[in-house]
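The values are calculated or read from the model by the stated rules, or taken from the named source; none is laboratory data. Given the structure is predicted, the values throughout are model-derived calculations rather than measurements. Counting neighbours? That spans all protein chains shown, and the Cβs are built from the backbone with ideal geometry, glycine included. Only protein heavy atoms, including side chains, enter the accessible area calculation; ligands, DNA and RNA are left aside. Shrake-Rupley method; radii C 1.70, N 1.55, O 1.52, S 1.80 Å.
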2 protein chains.
Amino acid sequence: MNPERAKVTIFDVAEHAGVSIKTVSRVVNNEPNVRENTRERVMLAVRELRYQPNAAARELSGKRSRIIGLIYENAEEFSYLNDVFNGALGICEPAGYSLLLRPLTLPDPEIIDHIRQFATNARVEGIVLPAPMGDLPEVSGLLREMRIPFAAITPREPDPDEINILCNDEAASHALTELLIHQGHDAIGFIKGHPDHGASHKRFAGYRRALKQHGVAYAPRLVRQGYFDFESGRIAAGRMLDLPDPPSAVLASNDDMAAGAIFAARKRGLNVPGELSIAGFDDTRFSSRIWPPLTTVRQPIAQMAETAAALLIDKLNGHSTEAPDAPFECEVVIRESTAPLHPA
Amino acid sequence: MNPERAKVTIFDVAEHAGVSIKTVSRVVNNEPNVRENTRERVMLAVRELRYQPNAAARELSGKRSRIIGLIYENAEEFSYLNDVFNGALGICEPAGYSLLLRPLTLPDPEIIDHIRQFATNARVEGIVLPAPMGDLPEVSGLLREMRIPFAAITPREPDPDEINILCNDEAASHALTELLIHQGHDAIGFIKGHPDHGASHKRFAGYRRALKQHGVAYAPRLVRQGYFDFESGRIAAGRMLDLPDPPSAVLASNDDMAAGAIFAARKRGLNVPGELSIAGFDDTRFSSRIWPPLTTVRQPIAQMAETAAALLIDKLNGHSTEAPDAPFECEVVIRESTAPLHPA
DNA sequence: AATCTATTTGACAGCGCTGTCAGCTTGCTG
DNA sequence: CAGCAAGCTGACAGCGCTGTCAAATAGATT
C-alpha cells in the first residue's frame, strides 16, 4: 500500500554500522552494555537511514504494545475530556506510547464485555480512567481481575496499590460556600451532581461542612438533584426560584448546571448577581464567556491527566514512582456571577 | 505482564477444530474457498476458545495495521472536535480499526516532520484530516507524496481522486445574511474567520453574494478580520460598535466569535437583539445556552466525520465507494439573538 | 470407472524485532 | 604474563500471523 514507507529495517542499520542486529536493538532501546563508540556509530546509521523500528514486530517479539487505553464517558460535557486527552497525549507521545480512545455511553449494561474486548483486542498495556469511569466499581473490578494496570482520575478513596489521582473537591466546595456566606448569603441553594460521580458527593460534603461550620441552617428544600447537564441545572434552579422563600445564592456542582441556573434566573427576570448569586464548578472554556462570567472552581485537569499517564507508564516500565503525596489543588475563581447580599 | 490474556493462538484453534492454521486464518478473515461445514467448525472453535487474533502478528505478517490516524489542531475550540472524534470512532470501531489521535499546535514550523513521524511511527494506514488540517497544502502534499490515503473534512475544491467531505458553507452563509436583510438590516457587519481555514472564505463569499443579490451596499469598514476565537470576536465587534455609524447586525464566522460579539455589545450597554442582532456559525454546545441563545448555522459534523472515516476505510480495503454526490447540508437555526430592525 | 477441472486444504517461509545464551574482548590482579 | 571477572557483542530461535504454492479432494464429464 505504501511502497515508500517502512523500508529500512534493523538489518539495514546493522549492516551500515557494521554491527549485529542485536547491538542495534540494544542501542535503540537504550539498553546497557554497549561501548560508547559503538553506540555512536549505530546512532549515526540510524539517523542517516532514518530508521524507525517497526512497532508491530517489536510488539510481537517483545510483548509490549506501548499502547495505553483511555475509556471515557461519551457525554455532552467535553471541556473536561479535552483537558484529559491533551494531558494524557502530551505524556504518552514523548514516552513512545500511543493513546487509544474508547468512548462508552452510560449506562451500559454490557460495559464489562465492551471493556474486556477493548483491552484484549486493542492490546492495551494500561488504561486511564477519567471520571466517572474510575467511579464505577464494575470497571475497576474487571481491570483488576484482568490484571491490567490502570490510573483512575477520580475523587474516590485512594488504594495504595493502585494509581489514584485526586483533587481536593471537598475543600474547594467548602471554600466556595464560605465565600457566599461571607458575602452575607444565608439561604444558599445547592444543585447536586450526578449521583454516580464521586465528585458529586465530595462537593456536597464541602457545602454541608461550610454551612455547619458557620452556623447556617441546612435546608433540604434548597438542595436539588442535578445530573451535571445544563437542563437539569435549569430545572433544579427553577424549582428553587419558584419557592415562596427562594435562595439568594445558588451553588451548582458544575458550570453546565450553573449556566442552566443563570438561564432559569433570566427567564424569571432576575438580575444575576444583583438578585441572585450563582456559582459553579469546573471553569470550562465557556465559564468566563457567558454573561455574567461565572464564579467557579478551577481544577488542574490537564495536570492530573498528565500525572495519571506518567504514573501509569512508570508502572508499566517497572519504575515504581511514588504517587504525589497531596491531592491536586483546586482554585476558586471569583468572577461576576456572585455578589454580596444587599438586604432588601 | 498480563498472564491471563492473549493466550489462545491460531494454533490452538486449528487443533481444536482439526484443521490447519491457514484454514483458521481464512475463516477469521472471511476469505473465500472454505467449505461451509469447515467454516462452521472453525467458528465454533473460535467461540469456544474465545480466540482473538493477535493484532501485532497480523500487522507484521499482513502489512495491514488497521489503524487510522486523526490529525487535528489542538485549539481551544473543542465542540467541533468532539463531533469529529465521535463520528470517526463510531465508524472505525465496528470496522475493526483503531483511531489514533495526533494533536498539532498551529502554526507549527516542523509540521512536516511531525506528520511524517506520526505516519510511519504509528504505522497508520490512512488519515482523517478535519478542518483546518485539510486546508493546509503542505499537509495534504506530504500525505500525497507518502502515498497515505486521507480524507479531508474541509470546504476546499474537491479532488476527484481524493476523499473530500464538503458542506454548503457558502449557501448557509448566504441564507443567514439574507435572513438579516429580510429583517430590515442594511448595515450588517461581518467578522471573518481565520484566513487559513477554507471555511472562512466560503462564509465570507456567501455574505457578499447575499448583499449583492439584494442590492445592499458592501461596506469594507463593516468587515473585520477575526480568528475564530472569542477574543478576536470581541475585539472585532467592539471596533465596529465604536464606529460613528455602527451596524445594526453582526454576522460572525463562528459561534465563539459571536459570543465575543455579544460580550462586546453588553459591555457597551447594548441590548441584544433589541439594538444589535448577532448571528454565528457552527451551533456549538453552548450556542443555545448563552443569553440570548444564538441564531446560527448547524453543520452535520458527526455525519461528515462518519462519512470521511467510512470512505477512507472503504478505500483502504479496495472497495471504491463513490463519494456522496452533493455536499452535506447546513441548516440555519433561528434563535433569539437576531430580531427585525425597528427604525429609530 | 477414468479423466479432468474447480474447489478446498495445508506446509512452510517469512514479516522485523527482542530474549537467551554463548563467545569474544577488555582490563585487572597476582 | 597467565588467569579471571566484567563488559561487550553476536548467532539464533521464536513471537503469531498471512502469502505462496503445492497437494488433496470433490464434482463434472466422458
*Here are some residues: B:L81, B:L60, B:L70. Which one is within 9 Å of DNA strand D (Cβ to nearest atom), at the interface with chain A (Cβ under 10 Å from one of its Cβ atoms) and under 30 Å from B:T120 (Cα atoms)?*
B:L60
*State whether one or more residues within segment B:153-171 are buried (at least 24 other Cβ atoms within 10 Å of the Cβ), under 30 Å from B:A339 (Cβ atoms) and modelled with pLDDT under 90.*
yes
*Within segment A:32-52, identify whether any single residue is more than 9 Å from DNA strand C (Cβ to nearest atom), without any contact (Cβ under 8 Å) to a residue 60 or more places away in the chain, within 14 Å of chain B (Cβ to nearest Cβ) and within 30 Å of A:V124 (Cβ to Cβ), and answer yes or no.*
yes
*asked:* Criterion first (in a helix (DSSP H, G or I), more than 9 Å from DNA strand D (Cβ to nearest atom) and either at pLDDT 90 or above or surrounded by fewer than 18 Cβ atoms within 10 Å (Cβ to Cβ) (or both)) does B:M1 satisfy it?
replied: no
_Of the criteria (1) surrounded by fewer than 21 Cβ atoms within 10 Å (Cβ to Cβ); (2) touching a helix residue (DSSP H, G or I) at 6+ places or on another chain (Cβ under 7 Å); (3) of a type in the set (A, V, I, L, M), which one A:L179 fails_ = (2)
*Residues located in segment A:88-111, provided they are within 11 Å of another protein chain (Cβ to nearest Cβ), open to solvent by less than 50 Å² (accessible area, probe 1.4 Å) and not aliphatic (A, V, I, L, M)*: A:G90, A:C92, A:G96, A:Y97, A:S98, A:R102, A:P103
*For segment B:234-256, what are the residues that are open to solvent by 10 Å² or more (accessible area, probe 1.4 Å) and assigned to a helix (DSSP H, G or I)?*
B:R234, B:I235, B:R239, B:L241
_Cross-chain or 6+ apart pairs with Cβ under 6 Å, segment B:92-104 first and within 14 Å of B:T307 (Cα to Cα), then not β-branched (V, I, T)_ = B:C92/B:L99; B:C92/B:A309
*asked:* Being closer than 30 Å to B:G233 by Cβ and either hydrophobic (A, V, I, L, M, F, W, C) or not in a loop (DSSP other than H, G, I, E, B) (or both) is true for just one of A:A259, A:A309. Which residue is that?
replied: A:A259
_Taking the criterion of being more than 8 Å from DNA strand D (Cβ to nearest atom), modelled with pLDDT under 80 and closer than 30 Å to B:L101 by Cα, would at least one residue in segment B:21-34 satisfy it?_
no
*Report, ordered by the first and then the second residue, all pairs with beta carbons closer than 7 Å, sequence separation of six or more or different chains, a first member in segment B:274-298 that is in the same structural domain as B:E178 (by TED's automatic domain parsing) and among the basic types (K, R), and a second member that is part of a loop (DSSP other than H, G, I, E, B) and surrounded by fewer than 20 Cβ atoms within 10 Å (Cβ to Cβ).*
B:R285/A:E76
*Given (1) more than 12 Å from every other protein chain (Cβ to nearest Cβ); (2) more than 8 Å from DNA strand C (Cβ to nearest atom); (3) assigned to a helix (DSSP H, G or I); (4) not small (G, A, S), where does A:V24 come up short, assuming only one miss?*
(2)
*segment B:207-233: number of residues that are within 27 Å of the chain's Cα centre (by Cα) and open to solvent by 20 Å² or more (accessible area, probe 1.4 Å)*: 9
*Kindly indicate whether A:L270 is over 22 Å from B:A258 (Cα atoms), touching a residue at least 24 places away in the same chain (Cβ under 8 Å) and either within 14 Å of chain B (Cβ to nearest Cβ) or open to solvent by less than 20 Å² (accessible area, probe 1.4 Å) (or both).*
yes
*Check whether at least one residue in segment B:65-80 is out of contact with any Leu (no Cβ under 9 Å at 6 or more places or on another chain), more than 10 Å from DNA strand C (Cβ to nearest atom) and more than 30 Å from A:N82 (Cβ to Cβ), and report yes or no.*
no
*Residue ID - nearest to DNA strand C (Cβ to nearest atom), chosen from residues in segment A:4-17 that are among the small types (G, A, S) and open to solvent by less than 60 Å² (accessible area, probe 1.4 Å)*: A:A14
*Residue by residue through segment A:112-142, note down the ones that are of a type in the set (D, E) and either under 19 Å from A:L316 (Cα atoms) or surrounded by fewer than 18 Cβ atoms within 10 Å (Cβ to Cβ) (or both).*
A:D113, A:E125, A:E138
_Matching option when the condition is within 14 Å of chain B (Cβ to nearest Cβ) and closer than 26 Å to A:E170 by Cβ, among A:A258, A:A249, A:A308, A:A279_ = A:A258
